[in-house]
Amino acid sequence: MGEVARTLRGRVAVAGVGETTYYRRGRSPDAEFLLAVKAIKAACADAGIDVREVDGFASYADDRNQPSRLAAALGLPELRFSNMQWGSGGGGAAAAVGNAAAAVATGLADAVVVFRALAQGQFGRFGGGTRRPAVHGEAAMTVPYGVLSPAQMFAMRTTRFLSERGVDRSTMRAVALAAYHHAQQNPRAVMHGRPLTTEAYDEARWIVEPYRLYDCCLENDGAAAMVLVPADRARDLAKPPVYLLGAAQGGEHRAAAPVHNAPLYGTACFTTVAPRLYEQAGVKPGDVDVVQVYENFTGGVVMALIEHGLCSYEEANDVLTFENLVAPDGRLPLNTSGGNLAECYMHGFGLQVEAVRQLRGESCNQVPGAAVALAAAGPMVPVTSDCLYGTAEALG
Amino acid sequence: MTVLPPGLPAPAPAPDGLDARYWDGTRAHELRVQRCAGCRTWQWGPEWVCHACLGEDLEWPAVAPEGRVYSWERVWHPVHPALAEAVPYVVVLVELPHAGGVRMVGNLAGDAHAPVRLGAAVEAVFEDHDGADPPYTLVQWRRTEEEHTR
C-alpha cells in the first residue's frame, strides 16, 4: 500500500450547516436535547441528506447531549464515531470539526455531525462563578481572591498583553462595534435591531478592567450543527461543498501551568497552532478572505488576529479599526454574523457555521468572492483550535 | 481586617495532598514554593513531577515574601453575593524574583481606585482566617514603602 498524505486538506467537506432559533439566556422553550436535535435536523436538511445517514457525532466543552442518546433518539441504523474534545471550553469548537474530519478522512465514519447545544436556563449559566463553600486545587489559589468568572480569569492576561505590546484598547472597541454592526443585517442575531454606538461602548460600565460590558460575550440558549462527509460525496449533495483545508488544535509550552504561570502569558495561545494550520492548509495569512474568531472577550480576539499573522503587533492600532473589520469592504472582515458578542453565544460554533456560509455566498454580510475562511476557537485558553475552510476554487 | 469581605469560598487543600505544604506554610506565615531537589527548577502551581527534568523529588523552601506586579485587574462587577458591596477590588499577579519568577494571584491591599503600575514592588501580607473551620491563611499583597514614595 502506498503512503497516504498525512493531511486533511481537501479530503473532507462540510455538506450542511444549521441552527435553531437563538434565544436570550434561559429563554429557550425547548429542552437542551431538543435544541440539539433541531440543529442536527436543520444541518441534514441543508445538506440534502437523510438524518439516518449520520453515523457519528463530535462535540466539545462537555456537551451534555451524548451521541448514544442522539443515535437512539434519531433512530440511526448504527453509530460509528462518538467523540468529545477534552478541555478548554469553547476553545474546542474548531477542534471538534477537526476531530470529526479526521474520522471521515480515515474512513472511521461517513457522515459526522459536529454540534453544540446550550440551554443555560435548564442547566445554569457560565458567567456566574461558583457558590460552593470551599474550593481546592488551582481554584483555591484564585477564587478566594475574587477571581471567579471567565472575565476575571482573562482580564489580567489582557492587561499584560496591552501593556507589553503597546496595543490600544481602541482595537477591542473595533472588534465589538464590528460584531454589532454585522448583527444588524443578521435576522438570526439576538442583537438584531439593537445597534451599538461608539458612545454606548465607551460609556458602558466596567465589568473588570480592561473589559467594559460590550467587550464581553453574551450568554444564550440554542444549538448549531454541521455535517461533514468525504469530499467526493459532498459534490453530489444539495449545496456547493465547502472543503476543510486544514485543522489544528493544541497549546503553547506549559500553557496550562496553573495559577496564571503560562510562560507566554500575554497571548491567545495560538502561536503554535496557527503556523501548523497554515502549513497543513497550504495557505498564507494573506490568502484569508474572511475571519471568524471566538470572542469570549474582545482582547483575546485582538491577540488571536495578530497570532494568526493577519496583522503585526506594531500595526495593530492602525489596522484593527471598525472600517477594516466590517464586510463587505473592510480589509479584514471579522465575525460577519455578529459572533458570540452579538449573534449568539453558541459557544463559538456559530462562527464555524458562518465561515461555511461565507464560502457559499450565503452570509448576511457577504464578503464578495470569499474563497478562504479562517475560524478560530478559544482565545486565552490552554487548548485552542482552528479550521481553515475553502471553496473548490481555493482547493485548486 | 481582610481585603475582601467574608463569604467567599474558602481554600481547601487538594484531596491528593499536592499543595498541603503550601497551605501549611501560609498558616505559619511562610511563603513556600515548589522546587525540584534534583535540578533546582522552581515551579508553580505545584505538580507531582518537575517539568524540567521529570524528577519526582520536589522540595518546598520558604522564599522571601516579596515580588513585583506582573499584571493586574480591577473588578467592578461582583459575581458572588459576598462581593456585592466590595467593588471595586484589585487582583494582582505577582512575580516572585526569589523563586525563579513564578507567579501568584492575590489582592492588592490599599486604595482600590489607585493606579497600579506593572513592575510595582509588593510584599506579602498573611491574612489569617482563624475563625474558619478549618482555619486558613491567604496571601495578600501591599505596595512596599519604597513603592509608595516613588
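A few comments on the model shown:
- Converting phi to 3J(HN,Hα) with the Karplus coefficients 6.51, -1.76 and 1.60 and the offset θ = phi - 60°, segment A:238-251 yields 5, 10, x, x, 10, 8, 7, 8, x, 8, 8, 8, x, x Hz in sequence order, with x at every glycine or proline.
- Dipole of chain A [Lys/Arg +1, Asp/Glu -1 at C-beta], most positive-end residue of A:Tyr345, A:Leu244, A:Val326: A:Tyr345
- When B:Thr41, A:Thr272 are arranged by Cβ crowding within 10 Å, least crowded first, meaning fewest neighbours, the order is B:Thr41, A:Thr272.
- Phi-based couplings in Hz for segment A:63-70 (Karplus 6.51, -1.76, 1.60; Gly and Pro marked x): 3, 7, 9, 6, x, 5, 5, 4
- Here the spin labels are modelled as points 7 Å beyond Cα on the Cα-Cβ line, and at B:Ala52 and A:Ala72 they lie 5.3 nm apart.
- For chain A, the longest principal axis of the C-alpha atoms and the axis of helix A:150-165 are separated by about 70°.
- Ranked B:Glu56, A:Glu354, B:Glu147, criterion: other C-beta atoms within 10 Å, fewest first: B:Glu56, B:Glu147, A:Glu354
- Radius, Kirkwood style, for segment A:25-132 when every pair of distinct Cα atoms is counted (Å): 14.6 Å
- Phi to ³J(HN,Hα) by Karplus 6.51 cos²θ - 1.76 cosθ + 1.60 over segment B:122-135, Hz, x for Gly, Pro: 9, 10, 6, 10, 7, 9, 7, 10, 6, x, 6, 10, x, x
- Under a Gaussian network description of chain A, with springs only between Cα atoms under 10 Å, the residue in A:Met153, A:Met172, A:Met380 that fluctuates furthest is A:Met153.
- Amide hydrogen neighbours beyond the local backbone of B:Gln34, cut-off 5 Å, H modeled: B:Gln43
- Rg/Rh for the protein assembly as shown (Cα atoms only, Rh after Kirkwood) is 0.99.
- Cβ charges +1 (Lys, Arg) and -1 (Asp, Glu), total dipole of the protein assembly as shown, debye: 780 debye
- For the pair segment A:169-227 / segment A:353-396, the C-alpha centres are spaced 20 Å from each other.
- Pairwise label distance in nanometres, B:His129 with B:Thr149, each label 7 Å out on the Cα-Cβ vector: 3.6 nm
- For segment A:265-329 and segment A:35-67, distance of Cα centres in Å: 30 Å
- Average other protein chain Cβ within 10 Å of Cβ, residues B:86-98: 3
- Counting only other chain Cβ atoms within 10 Å of each residue's Cβ, the peptide B:8-21 averages 5.
- Separation of alpha-carbon centers, segment B:87-125 and segment A:69-101, rounded to whole Å: 42 Å
- A:Arg331-A:Arg27 pseudo-label distance in nm [points 7 Å out on the Cα-to-Cβ vector]: 3.8 nm
- Selected from B:Leu83, B:Leu108, B:Leu96 as most flexible by GNM, with chain B as the system and alpha-carbon contacts under 10 Å: B:Leu83
- Inverse mean reciprocal Cα-Cα distance (Kirkwood Rh) of segment A:145-281, Å: 18.5 Å
- 25 Å Cα-Cα reach of A:Lys239 towards lysines, excluding residues that sit fewer than 8 places from it in its own chain: A:Lys38, A:Lys41
- Paramagnetic label reach from A:Arg131 (point 7 Å along Cα→Cβ; backbone nitrogen cut-off under 18 Å): within segment B:1-33, residues B:7-10.
- The ranking of A:Phe123, A:Phe33, A:Phe57, A:Phe154 by Cβ neighbour count inside 10 Å, starting from the fewest, reads A:Phe123, A:Phe33, A:Phe154, A:Phe57.
- Shape descriptor for segment B:20-148: Rg over Rh equals 1.01 (Cα atoms; Rh from the Kirkwood inverse mean 1/r).
- Angle of helix A:170-183 to the longest C-alpha principal axis of chain A, folded into 0 to 90 degrees and rounded to 10: 40°.
- Of A:Ala257, A:Ala234, A:Ala376, the one that fluctuates the most in a GNM where chain A has Cα springs shorter than 10 Å: A:Ala257
- DSSP beta bridge pairing in the protein assembly as shown, given as percent antiparallel to the nearest 5: 80 percent
- Where both bridge residues fall in segment B:20-148, DSSP classifies roughly 95% of the beta bridges as antiparallel.
- Relative to the dominant Cα principal axis of chain A, helix A:93-105 is inclined by about 20°.
- About the Cα centre, charge dipole magnitude for chain B (Lys/Arg +1, Asp/Glu -1 at Cβ), debye: 460 debye
- Reciprocal of mean inverse Cα separation for segment A:239-396 (Kirkwood radius, Å): 15.5 Å
- Take each residue of peptide B:65-76, count the partner chain Cβ atoms within 10 Å of its Cβ, and average: the result is 6.
- Share of Cα-Cα pairs in segment A:84-209 lying beyond 22 Å, as whole percent: 62 percent
Where a number appears in this text, it was derived from the coordinates with a stated rule and is not lab data. On a predicted model such as this, the values are computed, not experimentally measured, just so you know. Don't worry about glycine lacking a Cβ; one is built from the backbone with ideal geometry, like all the others, and counts go over all protein chains shown.
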